[in-house]
Amino acid sequence: MRTKIIAGNWKMNLDYAQAMALVDGIMQMTDDNMRCRIVLAPPFPYLTQVEMQSKLRTNIFIAAQNCSDKNSGALTGEVSASMLRSIGVESVIIGHSERRTIFNESDATIAEKINRAFENDLQPIFCCGESLAERKSNSHFEVVKTQVAGGVYHLSASKVSDMIVAYEPVWAIGTGVNASSEQAQEMHLFIRNLVKEKYGNSVSQKIRILYGGSVNAENAAELFGCPDVDGGLVGGASLKPAEFSSIIKAMEKIS
Ligand code: PGA
């Protein structure tokens with residue numbers, strides 16, 4: 001049985017006071033008896049405080065939204081995986097579509113970031129997903145296959161078992177138009193089968209595949225009810241404590 005995960009990607013939102021109020025709210029509305037793992041991905045400046053604030057909770061984990069593909073050096077503005085690990089961060093989102101499109105991150109860069117994460121004991125949350133044009137031209141499976149192959153296939157089976165994939169169709173991110181549960185299940189199964197072909201059945205049964213793209217309190221239960229959807233990567237709705245907690249509770253009812 002795969003541990004379910006609900007991750008909140010705060011992106012570049014909230015000031016410090018708002019960020020701390022959000023953590024407090026989530027902590028009040030959830031508890032450690034929940035089986036599902038809660039992951040919070042605040043902006044870099046709040047990572048330490050969010051980590052300290054949630055320290056006493058056993059099912060809240062902290063993720064960064066990005067890391068450098070390099071170890072250290074003269075790279076003004078960059079943040080390395082080892083720095084993140086040294087302040088208690090446990091995982092890192094890599095290859096989000098906003099990084100791919102706005103910051104031109106290639107599959108090769110993303111693969112290097114995943115390497116830096118593993119070298120520093122950070123669990124990568126690897127994002128993939130097709131654009132609207134790619135879905136319309138029916139190339140979505142090919143696109144996701146290329147992204148998964150480029151980002152993951154160089155890794156050993158044991159590393160792949162430990163990682164998290166987030167399928168996030170670009171047309172569903174921040175649009176209010178989520179993938180249907182059929183579309184999500186179809187792609188999640190496709191990704192799991194890619195992993196199976198490459199690494200075998202046991203690895204494919206261990207890897208967690210989250211769905212992301214306009215998840216909210218209303219659609220969460222249906223999306224999470226799909227057998228190959230192991231949780232969600234939530235953007236906009238993760239900024240509202242009551243809604244994010246409802247999403248966690250929807251997962252909890254299923255798991
Ligand atoms: P959204 O974002 O939930 O606001 O669509 C998801 C994401 O980008 O991770």
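The values are calculated or read from the model by the stated rules, or taken from the named source; none is laboratory data. Just so it is clear, the model here is predicted, and its values are computed rather than measured. Neighbour counts are summed over all protein chains in view; Cβ atoms, including those assigned to glycine, are modelled from backbone coordinates with ideal geometry. Only protein heavy atoms, including side chains, enter the accessible area calculation; ligands, DNA and RNA are left aside. Shrake-Rupley method; radii C 1.70, N 1.55, O 1.52, S 1.80 Å.
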The one condition CYS128 fails out of (1) within 15 Å of the ligand (Cβ to nearest atom); (2) farther than 30 Å from ARG85 by Cβ is (2)
Out of the residues in region 120-145 that are within 19 Å of the chain's Cα centre (by Cα) and open to solvent by 60 Å² or more (accessible area, probe 1.4 Å), which is nearest to GLU186 (Cα to Cα)?
LYS145
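Take LYS196 and decide whether it is surrounded by fewer than 24 Cβ atoms within 10 Å (Cβ to Cβ) and within 12 Å of the ligand (Cβ to nearest atom).
On the way: surrounded by fewer than 24 Cβ atoms within 10 Å (Cβ to Cβ): yes; within 12 Å of the ligand (Cβ to nearest atom): no.
No; evaluated as a whole, the condition is false for this residue.
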Residue that is nearest to the ligand (Cβ to nearest atom), among those in region 60-79 that are assigned to a loop (DSSP other than H, G, I, E, B) and open to solvent by less than 10 Å² (accessible area, probe 1.4 Å)
CYS67
May I ask you to list the residues in region 96-115 that are away from the ligand (no atom under 12 Å from the Cβ), in a loop (DSSP other than H, G, I, E, B) and within 17 Å of the chain's Cα centre (by Cα)?
GLU105
Considering region 1-59 alone, what residues qualify as being in a helix (DSSP H, G or I), within 16 Å of LYS249 (Cα to Cα) and not hydrophobic (A, V, I, L, M, F, W, C)?
GLY25, GLN28
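Pick from region 172-187 the residues that are of a type outside the set (Gly, Ala, Ser) and surrounded by fewer than 21 Cβ atoms within 10 Å (Cβ to Cβ): which of them is nearest to the ligand (Cβ to nearest atom)? First the steps, then the outcome.
Step one: of region 172-187, the residues of a type outside the set (Gly, Ala, Ser) are 173, 175, 177-178, 182-183, 185-187.
Imposing the further condition that a residue be surrounded by fewer than 21 Cβ atoms within 10 Å (Cβ to Cβ) reduces the set to 175, 177, 182-183, 185-186.
Values: THR175: 7, VAL177: 9, GLU182: 19, GLN183: 15, GLN185: 18, GLU186: 19 Å.
Restricting to residues being of a type outside the set (Gly, Ala, Ser) and surrounded by fewer than 21 Cβ atoms within 10 Å (Cβ to Cβ), the top hit is THR175.
Among the listed residues ALA184, ALA220, identify the single one that is of a type outside the set (S, T, N, Q) and closer than 14 Å to ILE6 by Cα.
On the way: ALA184 fails: closer than 14 Å to ILE6 by Cα.
From the options ALA184, ALA220, the qualifying one is ALA220.
Of the residues VAL234, VAL203, only one is β-branched (Val, Ile, Thr) and closer than 20 Å to HIS96 by Cβ; which? Give the derivation first.
Numbers: VAL203 fails: closer than 20 Å to HIS96 by Cβ.
The match here is VAL234.
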Among the residues of region 160-169, is there at least one that is open to solvent by less than 10 Å² (accessible area, probe 1.4 Å), under 22 Å from ALA117 (Cα atoms), within 18 Å of the chain's Cα centre (by Cα) and more than 16 Å from the ligand (Cβ to nearest atom)?
yes
